[in-house]
There are 2 protein chains.
Amino acid sequence: MIDIERLAREKGHLIDKEIEEVFSGDVPNLHDAVRYHMDTGGKRLRPLLAILTYEALMSKDARSASSAEKDAKILPFAAACEVLHNWFLVHDDIEDGDKVRRDKPAMWVKYGLAHAINAGDYMAQKVYELILNSRKYGVDNEKTMDLLEAMVQTSLRTAEGQAMDINMRSASPSEKDYMDMVIGKTAHYLTVPMVGAAILAGRKELIPKLVEFGMAIGPAFQIADDVLDLTEGKGRGEIGRDIKEGKKSILVIHCLGKCSETEKRELLVILNKKPEETSGEDVLVAKHLFEKYGSTDYARKKADGLKGQAMETAKSVPELNELLVFFADYLVNRKK
Amino acid sequence: MIDIERLAREKGHLIDKEIEEVFSGDVPNLHDAVRYHMDTGGKRLRPLLAILTYEALMSKDARSASSAEKDAKILPFAAACEVLHNWFLVHDDIEDGDKVRRDKPAMWVKYGLAHAINAGDYMAQKVYELILNSRKYGVDNEKTMDLLEAMVQTSLRTAEGQAMDINMRSASPSEKDYMDMVIGKTAHYLTVPMVGAAILAGRKELIPKLVEFGMAIGPAFQIADDVLDLTEGKGRGEIGRDIKEGKKSILVIHCLGKCSETEKRELLVILNKKPEETSGEDVLVAKHLFEKYGSTDYARKKADGLKGQAMETAKSVPELNELLVFFADYLVNRKK
């Protein structure tokens, strides 16, 4: 059984050290803004996934070394995955108008719009600086280049997914549109830590299976996230934030396909309101409609189905099966 | 004598082809937004500088090949320099609240804030995709890696300079603060096309001299730009835009050091107004103060002095002397 909390404690400082080293400058409203954001916590899930995948693909001999030693080659890439994730969050919060991140003011609220856009750009460059640093730990040029290529393609697909997501707010998407968007926005960058680990372990032949796993678990994660927004609130200071932002979540799409014309109009009026004009009562009305038409159940089942699909793929990679099963479960059944 | 207009026509389509290939997708409000911005023109100055530097460093034999053939290895990097420049412009326009770019609505005005941040991020990734593409033209891993390293460091320094620039709006900077900011924000990314060319031509020993040239011509360019804002308007739809944005230009810094306490207060009130609240008369008052205290002349002389310094450095690189002299002159004496 994988003890993720213990592993996070054990490996966390290695990742943090790697990150701190590249953000050690002192330009006001840049380095402090980045540190402010990175210190708001986050689960360091992606770097941990990179490290655990890498270790699982190692030879037994290599695995017996000390943690710092055996993980050295993957550390810069693992840290890059964490910085990538946080760069997206900094810019996403602006794009979505989210004022709260991990129960604290979002970077753009604290440092202003201009600094937050610029600091996000700075973080994006650090992703590549970190990967180029891999060479210092003895990673060869060929593998470094493969890591860079994987990261560039991941970022591009994620930005495409984000554009689709923004477009969907003012459209009536189908479930297929939703799935395309979510695969773009979520699947690639949940998968890239494992892809990087496979590259570094000299096991590129595993990549297609890892991508297949990601294409199922990414949407499962996002759908679980859609449900979570209505039940636990995702650390963004409130429940139903997605409704306020007018997001076309899987719940909304399902509900719009089932409810009456009157209810449809009612739901769309609520979603089209500006976030600050959407009342708590509006959120309750939407939530009630989701329950009336079984949309929340539908979403839960859809997430479980995708998770099952991911578990099935995981079986075909025996060395990673335990890790992938744990990860799938963790992502879909998490509480915040 | 270098005929920049003719060269731009001759090489422009090679650069554009390289850029169009990587932006050929069709996600609405992403690919069209990027094309909208890239098509608003721009002088393709940076890619041209990369190509011309590369050709000047070539052996005579290599130079006699056709344009497409002899330039092949530098093209992706040259295109990357152009995309880098445009990504900065897309995000800068948001950060500065600039609504007009090259006499057309800025991307964020036409496509909205969310899409413009995301499209800028997308362009930033394309910079690296382009450089990784160099390998298709036979550039080896070592040189590709050096190009990536140069580009990452350039982007990082530029973002640091941009943070200093944003900070300066609410502070009383010295001329040294101004120079630090401007070297960060301008010098590195004017220099990187030449640095890339030196890497690809196998002439890395020239890089320190190229950087020295850039550290003088970058500020000279920015100071000329500060003056231009008051005389020609830089294609941003109006004259005195920098005053409206409250930019601490070299003119402002010089003037604040010379004028009376009353005039100082008057100038700061104007600079601290929101752009939309600054009147044409305010701009004239500021302009009058700059003239009264010789700030415009001071700036012109400062730019000329830095240009002279750059020319001096250029002499020590005989193969590039003609090109660097032309470029220095073009940047500092341009009219828009």
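Only the coordinates and a few stated rules stand behind these numbers; no lab work does. Model, not experiment: these values are computed from the prediction. We place every Cβ from the backbone using ideal geometry, glycine too, and count neighbours over all the protein chains shown.
Per residue, the average separation of C-alpha pairs within less than 8 Å and at least 6 apart gives chain B a relative contact order of 17 percent. Chain A comes nearest to the axis taking it onto chain B at the Cβ of one residue; that residue and its distance, in whole Å, are A:Asn141, 2. Here r is the Cβ-Cβ distance between A:Arg135 and B:Lys136 and R0 is 30 Å; the resulting FRET efficiency, rounded to 0.05, is 0.85.
Relative to the other identical copies, B:Tyr330 shows label-point distances of 5.3 nm, where the label point lies 7 Å from Cα along the Cβ direction and values run shortest first.
Electrostatic bookkeeping for A:Ala80 treats Lys and Arg as +1 and Asp and Glu as -1; over the other residues with beta carbon under 12 Å from its beta carbon, the sum is -1. The calculated FRET efficiency for A:Glu175 paired with B:Asp39, based on their beta-carbon distance and R0 = 30 Å, is about 0.25. Using a 7 Å projection from Cα along Cα-to-Cβ, the label point at A:Lys301 is separated from the same position in the remaining copies by 8.2 nm, smallest value first.
For chain B, with a Gaussian network of springs between Cα atoms less than 10 Å apart, report the residue from B:Glu212, B:Glu238, B:Glu21 with the top mean-square fluctuation. Its mean-square fluctuation being the largest, the pick is B:Glu21.
Annotation: aspartates and glutamates with alpha-carbon distance below 18 angstrom to A:Lys70 (same-chain offsets under eight excluded): A:Glu10, A:Asp16, A:Glu18, A:Glu55, A:Asp61, A:Asp140, A:Glu319.
Across every pair of different alpha-carbon atoms, what Kirkwood hydrodynamic radius in Å does segment A:280-326 reach? Over segment A:280-326, the inverse of the mean reciprocal pair distance is 12.7 Å.
Each of B:Ala163, B:Tyr189, B:Gln309 was scored by the projection of its Cα onto the charge dipole of chain B, and the greatest displacement toward the positive side belongs to B:Gln309; charges sit on the C-beta of Lys, Arg, Asp and Glu. Compared with the dominant Cα axis of chain B, that is its longest principal axis, helix B:75-96 is turned about 20°.
Residues whose amide H falls under 5 Å from that of B:Val100, counting only those 5 or more places apart or on a different chain, are B:Ala106, with hydrogens built in the peptide plane. Here the protein assembly as shown yields Rg over Rh of 0.99, to two decimals, using C-alpha coordinates and the Kirkwood radius. What separates the A:Gly257 label point from its copies, with the point 7 Å along Cα to Cβ, is 6.8 nm, written shortest first. From a point 7 Å beyond the Cα of B:Thr231 in the direction of its Cβ, which residues of segment B:266-306 have a backbone N at a distance under 16 Å? The answer is B:287-288, B:290-292, B:294-306. Spin-label model, A:Lys292 to B:Glu291: label points 7 Å out along the Cα-to-beta-carbon direction sit 7.0 nm apart.
In terms of overall dimensions, segment A:86-184 has a Cα radius of gyration and Dmax of 16.5, 51 angstrom. How many angstrom lie between the C-alpha centres of segment B:1-65 and segment B:127-174? Their Cα centres are 18 Å away from one another.
Using the Cβ-Cβ distance between B:Glu69 and B:Arg334 with R0 set to 35 Å, the FRET efficiency works out to roughly 0.65. Against the main long axis of the alpha-carbon atoms of chain A, helix A:141-168 sits at an angle near 10°. In chain A, the longest principal axis of the Cα atoms and the axis of helix A:321-333 are about 30 degrees apart. Over 23 Å apart at the Cα level, from the set A:Lys99/A:Lys264; A:Lys43/A:Lys73; B:Lys185/B:Lys301; A:Lys11/A:Lys126; A:Lys244/B:Lys244; A:Lys176/A:Lys247, are A:Lys99/A:Lys264; A:Lys244/B:Lys244. Shielding of peptide A:109-118 by partners, expressed as the average count of other chain Cβ atoms within 10 Å per residue Cβ, is 6.
Our summary of shape: the Cα atoms of segment B:1-55 have principal axis extents of 44, 19, 14 Å, ordered from largest down, in whole angstrom. Using a Gaussian network model of chain A in which every pair of alpha carbons under 10 angstrom is joined by a spring, one finds that among A:Glu245, A:Glu291, A:Glu281 the greatest mean-square fluctuation is at A:Glu281.
Peptide A:155-161 has a mean shielding of 6, counted as Cβ atoms of other protein chains within 10 Å of each residue's Cβ. Hey, for a label at A:Val109 modelled as a point 7 Å past Cα toward Cβ, could you say which residues of segment A:275-299 have their backbone N under 16 Å away? Under cut-off, by backbone N: A:275-278.
Under 16 Å of direct C-alpha separation, and excluding same-chain neighbours fewer than eight residues apart, B:Lys209 reaches these lysines: B:Lys307, B:Lys315. Panel order for B:Val83, A:Val211, A:Val317, by other beta carbons found within 10 Å of each beta carbon, from fewest to most: A:Val211, A:Val317, B:Val83.
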